[in-house]
Amino acid sequence: MSTATEHKGCRVCGRTDVGLKKDGTLRMHVHAAYKGSGFLRPGGSRCDGVGHPPKGALGTYARTVVDALRPHFDDLGKLYIAEVIGEAIQKHRTSPSNAFEALLDERGNWRLKPDGRDTGRVRLACYRFTESDADRDLVERINALLADLRG
């Protein structure tokens, strides 16, 4: 970013003409699809991306989740994989979805899923056919750590 006002746009509505606050999050703006037509969308025409970082920038929660998972999953040591997983977490944080899922290994044994107890947060899940005690212990430890994260 060359200036404080340039960014890749809102994750929710895609608008790029939105200003940033001093903390780097998006200012209040109208959802692109409902611009000038607030009665079409329940709750008005304001976009839900307000207060979240724009595309290409990760918020505190997404960064801390990736940092917490990195020692346990070697692939997160690769910058491009960490960026993809971080962007997926940030997208889920901005627009929570029950369908969210991020694979942490190539076989799909380890996944991030929505944390049903707290909207917009994630939890670790193991999908091995033969889950070991070590796997269950790792899931418990990481999920306790993720539950304590703020951001």
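The residues in the stretch 82-129 that are in a helix (DSSP H, G or I) and open to solvent by less than 40 Å² (accessible area, probe 1.4 Å) can be counted, and the count is 8.
Among the numbered conditions (1) surrounded by fewer than 17 Cβ atoms within 10 Å (Cβ to Cβ); (2) closer than 26 Å to G24 by Cα, the only one that A134 does not meet is (2).
Only one entry in D67, D17, D48 is assigned to a helix (DSSP H, G or I) and out of contact with any strand residue (DSSP E or B) (no Cβ under 8 Å at 6 or more places or on another chain), namely D67.
Of all the residues that make up the stretch 55-93, how many are among the acidic types (D, E) and under 21 Å from G24 (Cα atoms)? Show your work before the answer.
Keep residues of the stretch 55-93 that are among the acidic types (D, E), which gives 67, 74-75, 83, 87.
Subset that is under 21 Å from G24 (Cα atoms): 67, 83, 87.
Count: 3.
Residue count for the stretch 96-123 under the criterion of being touching a His at 6+ places or on another chain (Cβ under 9 Å) and under 19 Å from T60 (Cβ atoms): the result is 7.
Out of all the residues in the stretch 65-80, is one or more in contact with a Cys (Cβ under 8 Å, 6 or more places away or on another chain), hydrophobic (A, V, I, L, M, F, W, C) and over 30 Å from E6 (Cβ atoms)? I'd like the intermediate steps shown before the answer.
Pass one, the stretch 65-80, residues in contact with a Cys (Cβ under 8 Å, 6 or more places away or on another chain): none.
Within the stretch 65-80 (the criterion being in contact with a Cys (Cβ under 8 Å, 6 or more places away or on another chain), hydrophobic (A, V, I, L, M, F, W, C) and over 30 Å from E6 (Cβ atoms)), the answer is no, since none of the residues qualifies.
Scanning the stretch 56-104 for residues that are in contact (Cβ under 8 Å) with a residue 24 or more places away in the chain and of a type in the set (S, T, N, Q) yields T60, T64, Q90, T94, S95. None of L58, L79 is loosely packed, with under 15 Cβ neighbours inside 10 Å and of a type in the set (A, V, I, L, M) except L79. Working only within the stretch 139-151, note down all residues that are within 25 Å of K91 (Cβ to Cβ) and either part of a loop (DSSP other than H, G, I, E, B) or open to solvent by 20 Å² or more (accessible area, probe 1.4 Å) (or both). Within the stretch 139-151, V139, N143, A144, L145, A147, D148, L149, R150, G151 qualify.
The values are calculated or read from the model by the stated rules, or taken from the named source; none is laboratory data. What you are looking at is a predicted structure, and each value in this text was computed from that prediction instead of being measured. Because the Cβ atoms are built from the backbone with ideal geometry, glycine has one as well, and the counts that use them run over all protein chains shown. With ligands, DNA and RNA removed, areas are computed over all heavy atoms of the protein, side chains included. Shrake-Rupley method; radii C 1.70, N 1.55, O 1.52, S 1.80 Å.
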